Amino acid sequence: CKEAAVWAYARHPNITPFYGISALHEQSAPCLVSKCMSNGTVKSYLEARRSTNRPKLVSGVAAGLEYLHDRSILHGDLKCDNILVDEDGNPCLADFGLAALKYDDNTTFIEVSSRNGDGTTLWTAPEILYPGRFKLERALLTKESDIWSFSLVMWEIFTGTFPFKDIQKPNQGPLETVDRVSRGHRTARPARATALGLSDGMWSIMERCLQATPALRPSIASIREELELLLKDFDSDSLETPDPWPLEIDPAPSQ
């Protein structure tokens, strides 16, 4: 299957190791076999280990994504539920069901319309949800759409909450929320996350990754360079253990 083809090609410390395809018996559907990650997802890992060095976790996710993009592989479904944590506390990208090998600006292996359910919509770039507004004939995964999702993974790591929680209106669905964000409504910087490593530099990266215009978003290579500089000056001993977790997020000012 496509997921196996893409996943088997990716070998990196921040990519969940792929072992092969197996089936319990002849009539059963094949399943993909990967290394067992006892720490579970990033989301569950942070719930169990609240004192985790979150900037280091962000850097590991960026390293895995840079590896993929360097090889023209698009993940397509970045969120903390799709990132596992190994025994050493390293984040490892997983769930390559929407991943694609990119040949050019008009070609991927998948139809993005296969994305379904609200569970992923909040992490999805607006040009995928509303291609016509961006003068696109159809929705396509791009490196820039992965970058949008990466910013929201950062939000999850530093807050423990789903994206745009502070600006989502009652009875408003994920599609409408992403639409509002793409039209200039901005989530507020969560003050309680500063003590967890969400510095000015980290917040700047997050904001630039959420540019509505895809071409204005930074590349993962430039993000990695920034993160390396930020981590050099970062004092991990200054990190606080959040209580409560997930953080309590105040509603954003009216926009």
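The values are calculated or read from the model by the stated rules, or taken from the named source; none is laboratory data. What you are looking at is a predicted structure, and each value in this text was computed from that prediction instead of being measured. We place every Cβ from the backbone using ideal geometry, glycine too, and count neighbours over all the protein chains shown.
Odds and ends about this structure:
- Among the residues examined, L98 qualifies as surrounded by 19 or more Cβ atoms within 10 Å (Cβ to Cβ), part of a loop (DSSP other than H, G, I, E, B) and at pLDDT below 60.
- All conditions but one from (1) touching a residue at least 24 places away in the same chain (Cβ under 8 Å); (2) of a type in the set (G, A, S); (3) within 26 Å of D243 (Cβ to Cβ); (4) surrounded by fewer than 19 Cβ atoms within 10 Å (Cβ to Cβ) apply to G60; the one that does not is (4).
- Checking each residue in region 156-167 for being in a loop (DSSP other than H, G, I, E, B) and of a type outside the set (S, T, Y) picks out G160, F162, P163, F164, K165, D166, I167.
- Where a residue in region 169-190 is more than 14 Å from P253 (Cα to Cα) and of a type in the set (G, A, S) and its partner, wherever it lies, is modelled with pLDDT of 90 or more and not in a helix (DSSP H, G or I), with Cβ under 8 Å and at least six apart: S182/Y130; S182/A212
- Checking T161 against (1) within 23 Å of E127 (Cβ to Cβ); (2) polar (S, T, N, Q); (3) surrounded by 16 or more Cβ atoms within 10 Å (Cβ to Cβ), the condition it does not meet: (1)
- Among all residues of region 212-235, there is at least one that is basic (K, R), surrounded by 20 or more Cβ atoms within 10 Å (Cβ to Cβ) and assigned to a loop (DSSP other than H, G, I, E, B).
- Residue in region 63-76 that is aromatic (F, W, Y), in contact with a strand residue (DSSP E or B) (Cβ under 8 Å, 6 or more places away or on another chain), modelled with pLDDT under 95 and not in a helix (DSSP H, G or I) present: no
Results for (1) assigned to a loop (DSSP other than H, G, I, E, B); (2) crowded, with 16+ Cβ neighbours inside 10 Å; (3) touching a Cys at 6+ places or on another chain (Cβ under 8 Å), shown as yes or no for each residue.
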position	(1), (2), (3)
K169	yes, no, no
A193	no, yes, no
M202	no, yes, no
I205	no, yes, no
P242	yes, yes, no
L247	yes, yes, no
A252	yes, yes, no
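- Of all residues in region 129-155 being in a helix (DSSP H, G or I), over 15 Å from the mean Cα position of the chain (by Cα) and of a type outside the set (G, A, S), the one that is surrounded by the fewest Cβ atoms within 10 Å (Cβ to Cβ): R133
- Annotation note: of P17, P30, the sole residue that is at pLDDT 60 or above and either surrounded by 15 or more Cβ atoms within 10 Å (Cβ to Cβ) or more than 21 Å from W148 (Cβ to Cβ) (or both) is P17.
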